[in-house]
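Engineer: Got a structure here, written out as structure tokens. Questions coming.
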Amino acid sequence: MPRGHGLLSGSGAVVSVNNHMGNVCMHTAKLELSVNSSPEKTWALIGPFASISQWHPEVTSSEESQNDKGQTLRTITYKNGQQVIERLVSHSAATRSYAYTIEKGKLPVSEFRGEVQVVGNGDQSRIQWTATFHVLDGIPVDRATSIVDGILQSAAPGLIAKLGSA
């Protein structure tokens, strides 16, 4: 049975839903935010994988690199000093979307997959950012989902500041 944790910011909402599939419990956090910016302008800001430091107010830096397998990575540093290394899984300018996984970091989750997409609506856009993950054993589910929800939610003010609220 889905269970939600909701926070609102402007026209964005973050919801965490627990999806039980057999003995596996995947959690999902989601930010949907409408902005007063064309899909092209919105994608130009958030489409580059390492651009997160330009629009997420909690991120102080984001550096892109390649691992020894030629895969694209970004190392994100948050205001609190925490670092997370993420790997780009897919990127499509045609669908204005990308997906990534967390390779290294101190989040209380595993099997994390994030997806970002810009959906056009005339001269406006809707940003969809979804994260699915498992909560690590021994960690309270509410604590872990709150942390992931907070990462997504805290992006909304920066996106609105750069792109305008719809």
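Engineer: Find the residue count for segment 111-157, including only residues that are within 15 Å of the chain's Cα centre (by Cα), of a type in the set (Gly, Ala, Ser) and assigned to a strand (DSSP E or B).
Structural biologist: 2
Engineer: Looking at Asp142, is it in contact (Cβ under 8 Å) with a residue 60 or more places away in the chain and out of contact with any Ser or Thr (no Cβ under 7 Å at 6 or more places or on another chain)?
Structural biologist: Yes; evaluated as a whole, the condition is true for this residue.
Engineer: Taking Leu31 as meeting all but one of (1) within 20 Å of Gly164 (Cα to Cα); (2) out of contact with any Leu (no Cβ under 8 Å at 6 or more places or on another chain); (3) among the hydrophobic types (A, V, I, L, M, F, W, C), write down the number of the exception.
Structural biologist: For Leu31, the failing item is (2).
Engineer: Next up: Looking only at segment 53-69, count every residue that is charged (D, E, K, R), farther than 18 Å from Leu107 by Cβ and touching a residue at least 12 places away in the same chain (Cβ under 8 Å) and tell me the total. Don't jump to the end; show me each part of the working.
Structural biologist: Of segment 53-69, the ones charged (D, E, K, R) are 58, 63-64, 68-69.
Narrowing further to those that are farther than 18 Å from Leu107 by Cβ: 63-64, 68-69.
Filter once more, so that each one left must be touching a residue at least 12 places away in the same chain (Cβ under 8 Å): 63-64.
Selection size over segment 53-69: 2.
Engineer: Which one of Ile102, Ile127, Ile160 is at negative phi and without any contact (Cβ under 8 Å) to a residue 60 or more places away in the chain?
Structural biologist: Values: Ile127 fails: without any contact (Cβ under 8 Å) to a residue 60 or more places away in the chain; Ile160 fails: without any contact (Cβ under 8 Å) to a residue 60 or more places away in the chain.
The conditions single out Ile102.
Engineer: If a residue has to be free of Cβ contacts under 8 Å to residues at least 12 places away in the same chain, in a loop (DSSP other than H, G, I, E, B) and either more than 22 Å from Ser154 (Cβ to Cβ) or among the hydroxyl-bearing types (Ser, Thr, Tyr) (or both) to count, how many in segment 70-99 make the cut?
Structural biologist: 2
Engineer: Moving to a separate point now. If you check Lys79 against the conditions, is it closer than 28 Å to Gly138 by Cβ and either at pLDDT below 95 or among the acidic types (Asp, Glu) (or both)?
Structural biologist: Numbers: closer than 28 Å to Gly138 by Cβ: yes; either at pLDDT below 95 or among the acidic types (Asp, Glu) (or both): no.
Spelling it out, it is not the case that Lys79 is closer than 28 Å to Gly138 by Cβ and either at pLDDT below 95 or among the acidic types (Asp, Glu) (or both).
Engineer: Output the residues belonging to segment 37-52 that are free of Cβ contacts under 8 Å to residues at least 40 places away in the same chain, more than 13 Å from the chain's Cα centre (by Cα) and surrounded by 15 or more Cβ atoms within 10 Å (Cβ to Cβ).
Structural biologist: Of everything in segment 37-52, just one residue is free of Cβ contacts under 8 Å to residues at least 40 places away in the same chain, more than 13 Å from the chain's Cα centre (by Cα) and surrounded by 15 or more Cβ atoms within 10 Å (Cβ to Cβ), namely Pro48.
The values are calculated or read from the model by the stated rules, or taken from the named source; none is laboratory data. Since the model is a prediction, treat every value here as computed from it, not as a measurement. Note that we place each Cβ from the backbone using ideal geometry, even for glycine, and neighbour counts take in every protein chain shown.
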